[in-house]
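Rule-based calculations on the coordinates, nothing more; no lab input. These numbers were taken from a predicted model, which means no experiment stands behind them. Heads up, the Cβs are rebuilt from the backbone with ideal geometry, glycines too, and the neighbour counts pull from every protein chain shown.
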Amino acid sequence: MSLTKILTSLDNLEKLHNSLLQLACDKTILIKEGDIEALDQLLKDEQAHLAAISQMDTQRENAVAAYLMEQGKSVTANPTVVDVIAVAPDMEKRSVEEARDRLLHVIHDLKWQNDLNQKLTYQSLQFVNLSLDMVRPESQSITYSKQEISGNRVSKPSTTFDTNA
């Protein structure tokens with residue numbers, strides 16, 4: 001078995017991650033606009049992408065395990081592309097390294113975009129909480145003051161008749 005299946009799975013993973021990165025960029029715009037309905041639909045699309053990525057990663061693991069077994073190497077529980085690079089011939093090693101580096105670059109960009117989205121979401125949540133605090137009335141103290149405990153309640157007598165007039 002050649003490295004074709006592994007390279008194909010890495011290319012497919014790169015395409016899926018690029019698509020997910022585009023969704024993350026769209027999410028940034030929707031968060032800024034506050035379009036909750038579109039954001040909800042986008043989250044569903046993200047879930048579909050994540051399921052496809054998980055399935056493609058399983059295919060990559062199977063291809064890597066098959067390649068390593070063909071080369072007579074031991075297969076770990078989670079075979080990685082680094083294991084393939086270690087045993088691949090020099091001519092093919094370079095193409096695997098390039099595919100891995102492209103995928104890692106897209107994953108890095110995706111992580112950065114998701115961090116930005118997380119910060120924007122947190123900031124929006126802080127704004128909502130601030131707005132709610134401004135609208136909510138202050139709760140009255142349900143504790144007693146020292147004067148009320150000692151029996152020296154300070155209050156003005158309330159009369160309806162003004163004697164100063």
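My understanding is that a pair violates if its Cα-Cα distance is over 23 Å; which of 15/119; 27/119; 5/93; 27/111; 32/119 do that in this structure? Beyond 23 Å: 15/119.
Dipole magnitude for the range 4-136: about 180 debye, using +1 per Lys or Arg Cβ and -1 per Asp or Glu Cβ, origin at the Cα centre. Here the label points at residue 2 and residue 104, each 7 Å from Cα along the C-beta direction, are separated by 2.5 nm in the simple model. Taking 7 Å steps out from each Cα toward its Cβ at residue 122 and residue 11 produces label points 4.0 nm apart. Shape index of the range 4-136: Rg/Rh, with Rg the Cα radius of gyration and Rh the Kirkwood radius from the inverse mean 1/r over Cα pairs, equals 1.16. Between 30, 62, 52, the Cα set farthest toward the positive side of the dipole of the range 25-72 (charges on each charged residue's Cβ, about the Cα centre) is that of 62. Any idea how far apart residue 115 and residue 136 come out in nm if each label point goes 7 Å out from Cα toward Cβ? Modelled inter-label distance: 3.2 nm.
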